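*Asks:* Here it is, the structure, as structure tokens.
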Amino acid sequence: MAAQYATRIAGTGSYLPERELTNFDLEKMVETSDDWIVERTGIRSRRMAADNQVTTDLAFNAAKNALEMANLQPRDLDGIIFATVSPDQLMPNSACILQRKLGARDIMALDISAACSGFLYALSIANDMIVAGSHKTMLVIGAEVLTRLVNFKDRDTCVLFGDAAGAVVATRAAENDTSRIYSHHLHADGTLGELFEFKMGGSAHPYSHENLDKGLHWMRMKGREIFKHAVRTMSQSCSEALEHNKMSGNDVDWVIPHQANIRIIEGVAKHFGISMSKVVLEIERMGNTSAATIPVALDRAVRDGRIQRGQNVLLTAFGAGITSGSLLMRY
């Protein structure tokens, strides 16, 4: 039987583009207002990639920061798992492009498409590979350039999304290391897939003038329905993580939820009985960056000292699919 190991987070990193798009900028582009956006989402601004930046450029910067914290080089990596719904191109995948940019050696390089839950899915896969013993050091990325997929005439989507990248280096924990991933719990409900869609580019809706005229190249979502399911699925996955590990909310030092909407986050905290003082919030100046939100929030909280070694951290997310999940770890 293969040896069983534990996984620790050895380094975190993030990168947000310099260009900022404020709510006041959006007031000039679509029928909305700063007060309306803040009240409903908690977002005051979001970042936009420069015209010459692509998703793997953002990921490169986040990855370098994570590797530096872990005191490792790209050649030390055994694999790259890249979560995104806004890749540079359909093929080769973004993980392979990032592998080239980093100068990593001949290793596995895989993209994951699970929308806003993508980073949790990717980290869970990396954890299982490390635990099984097949891999020792994994780079896990969540990166998006979503501002190129939103219709800036549709206020239901354009006020929400921004561009960012976050990364972690996950490594095999030493026997005496208390830092480790306890468990992960992943779910999906494909019957709710129509709530959030980006149709164009696949075999069902290939690139064509007709599909462009239909607006299938923009993200479309049903916000009210998503809100209801987001609170429910994230609350359930958090409860599942604690029950599996025989813990309660009192045992959790920090919760890092997907940063989609302040109302959703508050709804999860209330339903779950967790004080908002335990919730890592970065949404105000970042917006919803899909797969990047959790790793960016994790990195910021680690670097500013909120999250300390030995603390229990609960990650939870939901996204188009509808995908959802949680991951509980001792940082």
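The values are calculated or read from the model by the stated rules, or taken from the named source; none is laboratory data. Since this is a predicted model, take the numbers as computed values, not measurements. Heads up, the Cβs are rebuilt from the backbone with ideal geometry, glycines too, and the neighbour counts pull from every protein chain shown.
*Asks:* Take THR191 and decide whether it is without any contact (Cβ under 8 Å) to a residue 24 or more places away in the chain, out of contact with any Pro (no Cβ under 9 Å at 6 or more places or on another chain) and under 18 Å from GLY325 (Cα atoms). Reasoning before the result, please.
*Replies:* On the way: without any contact (Cβ under 8 Å) to a residue 24 or more places away in the chain: yes; out of contact with any Pro (no Cβ under 9 Å at 6 or more places or on another chain): yes; under 18 Å from GLY325 (Cα atoms): yes.
So THR191 passes the test.
*Asks:* Residues in region 157-169: is at least one crowded, with 20+ Cβ neighbours inside 10 Å, over 25 Å from SER94 (Cα atoms) and not assigned by TED's automatic domain parsing to the domain that holds GLU225? Talk me through it step by step, then tell me what you get.
*Replies:* Going residue by residue through region 157-169, those that are crowded, with 20+ Cβ neighbours inside 10 Å are 157-169.
So of that shortlist, the ones also over 25 Å from SER94 (Cα atoms) come out as 159.
Applying the additional criterion that residues be not assigned by TED's automatic domain parsing to the domain that holds GLU225 yields 159.
There is at least one residue in region 157-169 that is crowded, with 20+ Cβ neighbours inside 10 Å, over 25 Å from SER94 (Cα atoms) and not assigned by TED's automatic domain parsing to the domain that holds GLU225.
*Asks:* Identify, by number, the condition in (1) crowded, with 24+ Cβ neighbours inside 10 Å; (2) over 22 Å from VAL85 (Cβ atoms) that SER248 doesn't meet.
*Replies:* SER248 satisfies every listed condition except (1).
*Asks:* Moving to a separate point now. Here is a list: SER113, SER117, SER134. Which entry is of a type in the set (Ser, Thr, Tyr) and in contact with a strand residue (DSSP E or B) (Cβ under 6 Å, 6 or more places away or on another chain)?
*Replies:* SER117
*Asks:* Looking only at strands (runs of 3 or more DSSP E) that fall completely inside region 14-86, which ones have 1 or more residues that are aliphatic (A, V, I, L, M) and more than 23 Å from ARG100 (Cβ to Cβ)? Spell out how you get there, then give the answer.
*Replies:* On the way: elements: 19-22, 45-48, 79-83.
Of the strands (runs of 3 or more DSSP E) lying wholly inside region 14-86, those with at least 1 residues that are aliphatic (A, V, I, L, M) and more than 23 Å from ARG100 (Cβ to Cβ) span 19-22, 45-48.
*Asks:* So which of ILE283, ILE274, ILE262, ILE294 is among the hydrophobic types (A, V, I, L, M, F, W, C), in contact (Cβ under 8 Å) with a residue 40 or more places away in the chain and surrounded by fewer than 24 Cβ atoms within 10 Å (Cβ to Cβ)?
*Replies:* Details: ILE283 fails: surrounded by fewer than 24 Cβ atoms within 10 Å (Cβ to Cβ); ILE274 fails: in contact (Cβ under 8 Å) with a residue 40 or more places away in the chain; ILE294 fails: surrounded by fewer than 24 Cβ atoms within 10 Å (Cβ to Cβ).
Among ILE283, ILE274, ILE262, ILE294, only ILE262 is among the hydrophobic types (A, V, I, L, M, F, W, C), in contact (Cβ under 8 Å) with a residue 40 or more places away in the chain and surrounded by fewer than 24 Cβ atoms within 10 Å (Cβ to Cβ).
*Asks:* If you don't mind, another one. Within the bounds of region 3-13, is there any residue that is surrounded by fewer than 19 Cβ atoms within 10 Å (Cβ to Cβ) and outside any loop (DSSP other than H, G, I, E, B)?
*Replies:* So far as region 3-13 goes, no, none of its residues is surrounded by fewer than 19 Cβ atoms within 10 Å (Cβ to Cβ) and outside any loop (DSSP other than H, G, I, E, B).
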